[in-house]
Each structure stands twice: as C-alpha cells, then as structure tokens.
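The values are calculated or read from the model by the stated rules, or taken from the named source; none is laboratory data. Just so it is clear, the model here is predicted, and its values are computed rather than measured. Here Cβ is always computed from backbone atoms with ideal geometry, including for glycine, and neighbour counts include all displayed protein chains.
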Amino acid sequence: MLFVWWFVRHQRRLRLRARLMQEAMRNRDFTFRLPTDGLLPGERAMQETLNQLGETIRRQVSQNEVESWERLTRVLTHEMMNATAPITSISQSMLARTDVKGTPLEDGVRAIYDTSRHLSDFVSNYRKMSQLEQPVMADVVLRPMLDDVRKAYPELEWVIDVPADLTVRADSGMLRQVLINLTKNAVEAQAKRMVLAPQAETNYSLITDHYSLYIGNDGLPVPAENRQSLFVPFFTTKRRGSGIGLSLSRRMMVQQGGMLDLAEKQQDSCRAGFILTMPV
C-alpha cells in the first residue's frame with residue numbers, strides 16, 4: 001500500500017516537471033533547470049540531459065540572433081553609407097563657398113552637414129557590428145587579465161575571487177575588450193564596487209568544458225522593462241549612448257564559443273551583474 005502511494009505521488013511530480021518544462025519552452029525561457037533530487041537514477045540522468053538541452057537550445061538561439069543582427073547591419077551599413085556620403089560631401093563643399101558664408105543659407109546647410117555627420121557616425125557603429133575579425137583562440141590565464149583591467153579603473157573597489165592559475169580558451173584582445181565594456185558600463189551606472197567570482201548556479205555548470213564568471217557591481221540595477229532588450233544592437237537608455245557595447249560584447253563571446261548573459265541572481269550585495277562564460 002505504501003509503495004502504491006509513493007508511486008502515485010512520484011508520477012504526479014513527474015507530470016508537474018513535464019508541465020513546467022513545457023511552459024518554459026512555450027515562453028522561450030531556455031534557462032530552466034529543474035532539480036534532480038528525489039528521482040530514480042534513470043530519471044535523474046534524463047532530467048540532467050533535459051537541463052543541459054535547454055541550455056544548448058538557448059545558446060543556439062542566442063547565436064542565431066547574433067548572426068541575424070550581423071546580416072541586418074551589413075545591409076543597413078551599405079544603404080546608409082550610400083545615402084549619407086554624398087550629402088556630407090556636398091554640404092561641406094557648400095559651407096566653404098563665399099556666397100553661402102554669412103547668409104541665411106549657412107545655418108540650414110550647416111544643419112544638413114551636422115545631421116549627415118551624425119548619421120555617418122551611426123553607420124560607423126554598424127560597421128563595428130558587422131566587421132569583426134575571426135578570433136584567434138589561445139590559452140589565456142584569466143587572473144592577470146582581470147588585474148590589468150582593475151588597474152585601469154583604480155577609482156573602483158575590486159573583489160576578485162578567481163584562481164591565479166585558471167586558464168580559459170579565448171581571443172585575448174576580444175576578451176579584454178568585453179571586460180572593459182562591462183566595467184565601463186558599471187562606471188556609467190554609478191558603480192563604486194566590482195565583484196568577480198565563479199558562477200555555479202547556471203546551466204553552464206552542466207557543461208564541463210566551460211567556466212562561468214560572475215561580474216557584478218553596486219551601480220544602478222537594470223530596469224525590468226529593459227532586460228529583454230539589453231543585448232539588442234543600438235538599444236540604449238543613455239542620452240549619449242550608442243547601444244553597441246553589450247550587443248558587440250555578446251557577439252564577441254559567441255564567436256569565441258562562449259556567452260554573455262544578464263545575471264538573474266546577484267552576489268555579494270551587487271545590484272546588477274552579468275555572466276561571462278568561456279571555454280576552458
């Protein structure tokens with residue numbers, strides 16, 4: 001009788017797990033990770049596989065999004081450059097003419113010139129998104145690189161909990177740029193403290209050939225309404241921001257076989273944080 005009660009209860013728990021995973025997939029939430037306690041050995045192995053499958057799907061979706069944005073930016077770069085280059089050139093020439101200087105036309109022509117220059121700068125940001133070189137992968141000792149970034153921002157208090165001999169597979173130039181971008185964002189969010197520590201509570205912990213690093217700060221938190229758009233190219237809440245830093249950083253990590261994500265849970269009194277995942 002006791003076995004029948006346990007069996008019925010166990011089947012209900014399995015059905016609940018199946019519904020939770022189905023709902024997560026329907027909502028495109030591939031970060032789900034259900035616990036494996038209380039399962040039989042075969043069921044535990046299946047749950048671990050499904051947890052890892054969700055992470056694999058999420059990584060593939062993120063990579064597809066990056067590639068889609070890359071194709072889009074190439075098309076937009078070409079079209080916008082064709083439109084802005086002649087406008088900038090012609091308006092600049094007109095500003096140099098004696099029959100324009102000092103006349104009511106000068107202000108109008110200068111407005112056209114300034115606007116076209118602004119568009120040209122915007123196109124340059126597009127080019128940054130579409131002309132990344134292929135990464136040159138090598139073994140990189142992570143701690144010295146983190147210390148170099150720390151020295152570049154002495155105004156911040158740093159807490160770095162990374163083994164001195166930890167080696168990851170990365171393009172050192174790209175990885176350094178990602179770390180600088182994240183630190184710069186923290187400074188712009190009024191951060192005074194940076195925390196860098198291992199991140200174990202992610203599905204990446206199921207993938208043994210990757211290392212996940214939590215990079216948090218005590219600056220302004222990311223508003224809930226902006227979380228979904230944070231890695232969309234040219235999305236920004238800053239008055240003078242280009243909206244390219246985070247999307248470019250994620251693309252660089254994807255090219256290196258890693259990932260950059262917003263952290264769901266914060267560590268050590270941080271108010272915002274990211275998960276940087278790198279092959280090892």
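Taking the residues in the range 147-179 that are in a strand (DSSP E or B) and touching a Lys or Arg at 6+ places or on another chain (Cβ under 6 Å) as candidates, determine which candidate is surrounded by the most Cβ atoms within 10 Å (Cβ to Cβ).
For the range 147-179, the residue satisfying everything is Trp158.
Can you pull out every residue in the range 95-112 that is of a type in the set (A, V, I, L, M), part of a helix (DSSP H, G or I) and either out of contact with any Asp or Glu (no Cβ under 9 Å at 6 or more places or on another chain) or within 20 Å of Val123 (Cβ to Cβ) (or both)?
Val109, Ala111, Ile112
Confirm whether Glu23 is surrounded by fewer than 12 Cβ atoms within 10 Å (Cβ to Cβ) and at pLDDT below 80.
Yes: the conditions hold for Glu23.
Only residues that are farther than 21 Å from Asp209 by Cα, surrounded by 14 or more Cβ atoms within 10 Å (Cβ to Cβ) and modelled with pLDDT of 75 or more: list them for the range 112-146, please.
Once the filter is applied, which keeps residues that are farther than 21 Å from Asp209 by Cα, surrounded by 14 or more Cβ atoms within 10 Å (Cβ to Cβ) and modelled with pLDDT of 75 or more, the range 112-146 yields Ile112, Tyr113, Thr115, Ser116, Arg117, Leu119, Ser120.
Pick out, from the range 180-267, the strands (runs of 3 or more DSSP E) lying fully within it that include 1 or more residues that are among the aromatic types (Phe, Trp, Tyr) and at pLDDT 90 or above.
Because the criterion is at least 1 residues that are among the aromatic types (Phe, Trp, Tyr) and at pLDDT 90 or above, the strands (runs of 3 or more DSSP E) in the range 180-267 that meet it are 210-217.
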